[in-house]
1. If we keep just the residues of region 159-168 that are part of a helix (DSSP H, G or I) and in contact with a helix residue (DSSP H, G or I) (Cβ under 9 Å, 6 or more places away or on another chain), which is farthest from residue 128 (Cα to Cα)?
2. Residue by residue through region 185-200, note down the ones that are more than 20 Å from residue 333 (Cα to Cα), part of a loop (DSSP other than H, G, I, E, B) and either modelled with pLDDT of 95 or more or touching a helix residue (DSSP H, G or I) at 6+ places or on another chain (Cβ under 9 Å) (or both).
3. Condition first: under 22 Å from residue 62 (Cβ atoms), surrounded by fewer than 21 Cβ atoms within 10 Å (Cβ to Cβ) and free of Cβ contacts under 8 Å to residues at least 24 places away in the same chain. Now tell me which residues in region 75-101 satisfy that.
4. For residue 240, state whether it is within 19 Å of the chain's Cα centre (by Cα) and surrounded by 16 or more Cβ atoms within 10 Å (Cβ to Cβ).
5. When residues of region 139-182 are filtered for being under 30 Å from the mean Cα position of the chain (by Cα) and buried (at least 16 other Cβ atoms within 10 Å of the Cβ), how many remain?
6. Which of the residues belonging to region 323-355 are at pLDDT 75 or above and either on the phi > 0 side of the Ramachandran plot or assigned to a loop (DSSP other than H, G, I, E, B) (or both)?
7. If I ask for residues that are out of contact with any helix residue (DSSP H, G or I) (no Cβ under 7 Å at 6 or more places or on another chain), within 12 Å of residue 15 (Cα to Cα) and not in a strand (DSSP E or B), which ones from region 67-79 would you list?
8. I'd like the full set of residues that are in a loop (DSSP other than H, G, I, E, B), under 15 Å from residue 64 (Cβ atoms) and in contact with a helix residue (DSSP H, G or I) (Cβ under 7 Å, 6 or more places away or on another chain), limited to region 20-47.
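The values are calculated or read from the model by the stated rules, or taken from the named source; none is laboratory data. Keep in mind the model is a prediction, meaning the values are calculated, not measured. As a convention, Cβ positions derive from the backbone with ideal geometry for all residues, glycine included, and neighbour counts pool all protein chains shown.
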């Protein structure tokens, strides 16, 4: 069904705010990459031409974007999807450097998409902060019995969520994040009975890396030691510290027990210990790798449960939003400082150690709050 708004306008009035948002981001990206952008205008493309182009760019640096098509000179009822518009914006910006569609263009188009995404994330954060405030005002008015004002604020929230394609889960997540600042938590070796070392330990750093990733944190270390810190929102960093602190002694003790059991078996069988060489490092490596897989499986399951099977992209975007907050914190704290190179352990592969390590990792109970050590105590007797 068409909408009889004057199509002499390059942009439908309902699309003007979104057009201004897109144009602002495009100008910022063009400035960042020193692209010769001269102007950005709307373009009321007839629906019959949609298959041909959703925007265009000329050699002078003038870009036109389609936000809503027309049929017989009248605006269509529905605009283009925001993602189509953003992708077209990136496409036309890429043409400011490459006027063809060759490999260099395709590579730069991907780079423009990423640059736009980085800028729009900042804008989405601002919208979510505003929605959190509006929702709080609605709840406050409802508590004091002002139903009319509460409904007004609630209507504003619903309208903005529809406009920016956000859900109530997005708003609630933003509220929690606003109340949950980024903190640093050092792993308390005394509490978890982890032996301090005056050298870095490769497998412990590998374990810290997967625990940090799985719990939306960054991690860092003290040079010439095995001290580990986690940086993240307080709720995430607290769980990460607990999971890592619990796992280190479990891995250490289980690896020893499994190794000595295997060593005794091969000595009885072969009369020598040669066949056991490399078992322990392979066991630890496989254990940690399998644990990483299980953390990822648990994360996907949680996203599906909270967002639905067909809406996992939204859940992943919320997780990425949490990590953006942590990255900003780390960038501010460590700007200009050198980063430590990775330390690598022995790469010896032992088939039995690998298989037994993966099997042991499957026995660890992994939940939303971390690792449950009660499920592995039987292995440590």
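1. Taking region 159-168 first, the residues part of a helix (DSSP H, G or I) are 159-163, 168.
Within this subset, residues satisfying the condition of being in contact with a helix residue (DSSP H, G or I) (Cβ under 9 Å, 6 or more places away or on another chain) are 160-161, 163, 168.
Details: 160: 9, 161: 9, 163: 12, 168: 10 Å.
Only one residue fits best here, namely 163.
2. Listed by number, the residues that qualify are 188, 193, 194, 195, 196, 197.
3. 98, 100, 101
4. Yes: the conditions hold for residue 240.
5. 15
6. Result: 348, 349, 350.
7. We begin by selecting, within region 67-79, every residue out of contact with any helix residue (DSSP H, G or I) (no Cβ under 7 Å at 6 or more places or on another chain); these are 72-75, 77-78.
If we keep only those that are within 12 Å of residue 15 (Cα to Cα) too, we end up with 75, 77-78.
The answer is 77, 78.
8. In the first step, residues of region 20-47 are kept if they are in a loop (DSSP other than H, G, I, E, B); the result is 33-38, 43-45.
Adding the requirement that they be under 15 Å from residue 64 (Cβ atoms) leaves 37-38, 43-45.
Result: 37, single match.
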